[in-house]
Amino acid sequence: MTHIRKAVFPVAGMGTRFLPATKTIPKEMLTLVDRPLIQYAIDEARDAGIEEFIFVSAAGKGALEDYFDTASALESRLTAAGKTDALASLERTRMAEGSLCILRQAQPRGLGHAVRQAKHLIANEPFAVLLPDDVIKGKKGALAQMVQAHKNVGGHMVATMDVPLAETSKYGVLDVAQENGRLAHARGMVEKPNPNVAPSTKAVVGRYILDSQIFDRLDNLGPGAGGELQLTDAINADVDRVGVTGFLFEGERFDCGSVQGFVQATTAFALDRADLRDEFASFLDDRALRLRLVA
Ligand code: G1P
C-alpha cells in the first residue's frame, strides 16, 4: 500500500464571515490561542506522515506564505536576547527545503477546482486534502487515524461525523450502504442536500484521502451545488470505479469557518493548556454565573 506523502490545503477562500478581520488577514492566519488555523492543519498532516505540502492559495494571502518562511531578523534578535522558548516556538513554522509548494487558484470556482490545481504535483499517488477551517481536537490526529484505516480499505476516504438532520445543507452528505465500526461504505455522496432529501446524517468533514484517479473526474466536472465545481461530485462519480468510504474519526470537530465554531474552539484549546486552564476556567465560571443571575 502506497505511503500518503502529499497533502493539498485549499487556502484560497476569502473568509467573508470574519470581516473586517479578513480584510487584511487571511482567514487561515486567524489565531486559536497562539497558533494560526493553518498551523493546526500542518501539525495534523505532519503527524500523519505528510512530507509535501501544497497550498492552493489566492491573491491577498501573503501573510500565510511569509508565516512558513524564515524570519532571520526575528530569530537573530531572539537568539541575542536568550529567548529560547520563543525561538523554539518558531520551530513548527519551519518547512523542510522544497517541501512547501504554493499554487494560485486564479478564480474562486469551488473546492473541486481548487484541488484540481494540484494535479501535476500529485501525479500518480494517493494524497490527502485538509480544509484548515475544520479543526479537529483529539488524542490522535484525525488524518493519522484515516491513513491507518486507509491501508486496509484503499479508494477514496472522507472523514465523517453525524450531524443533526436540520444541518445537512451545510455539508457534503454520504449515502451509506453499510457501516462497519468506524467505516461507512458509501454508495453515493451529495453536496449540501436539504434535510428532506438528505441520504443520511453522515456529514463530510474536511479531511480526505483521494486516489489520483479523482483528477479525471475533476477535469470533467460541471457546476454543482451553488454553481461551484464540487469535490463531492467528483468523489460521488467514483463510487463504483474507486470506492468511497466514510471514516468516523475520534475527536471533536470545530467549524472554524464560522464565528461561533471559532470562539468555541478557542475556548476548548485554551482550557486544554496547563498554563492557562485554571485562571481561564474560573473566569468562565464567573461569566456563566453572571449570565444565569441576569436571566
Ligand atoms: C466543504 C465541502 C463539504 C464538506 C465541508 C466540511 O464545504 O464542500 O462537502 O462537508 O467542506 O467543512 P464548505 O464548508 O467549504 O462550504
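The values are calculated or read from the model by the stated rules, or taken from the named source; none is laboratory data. What you are looking at is a predicted structure, and each value in this text was computed from that prediction instead of being measured. FYI the Cβ positions are ideal-geometry reconstructions off the backbone, even for glycines, and counts take in every protein chain you see. Side chains are part of the model used for accessible areas, which takes the heavy atoms of the whole protein and leaves out ligands, DNA and RNA. Shrake-Rupley method; radii C 1.70, N 1.55, O 1.52, S 1.80 Å.
Summary of values
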quantity: Conditions (1) under 22 Å from Ala123 (Cα atoms); (2) at pLDDT 95 or above; (3) open to solvent by 50 Å² or more (accessible area, probe 1.4 Å): number failed by Leu19; calculated: (1)
quantity: Test: residue in the range 97-105 that is part of a loop (DSSP other than H, G, I, E, B), within 30 Å of Asp219 (Cα to Cα) and within 16 Å of the chain's Cα centre (by Cα); calculated: no
quantity: Helices (runs of 4 or more DSSP H) completely within the range 28-89 that count 3 or more residues being over 23 Å from Cys101 (Cα atoms) and among the aromatic types (Phe, Trp, Tyr); calculated: none
quantity: Residue check, Asn152 over 19 Å from the mean Cα position of the chain (by Cα), open to solvent by 20 Å² or more (accessible area, probe 1.4 Å) and within 16 Å of the ligand (Cβ to nearest atom); calculated: no
quantity: Candidate set: the range 226-243, residues that are open to solvent by 30 Å² or more (accessible area, probe 1.4 Å) and of a type in the set (Asp, Glu); chosen: the one nearest to Lys6 (Cα to Cα); calculated: Asp233
quantity: Helices (runs of 4 or more DSSP H) fully within the range 194-295 counting 3 or more residues that are among the charged types (D, E, K, R); calculated: 214-219, 277-294
quantity: Some residue of the range 207-225 being within 13 Å of the ligand (Cβ to nearest atom), open to solvent by 40 Å² or more (accessible area, probe 1.4 Å), of a type in the set (S, T, N, Q) and touching a residue at least 12 places away in the same chain (Cβ under 8 Å); calculated: no
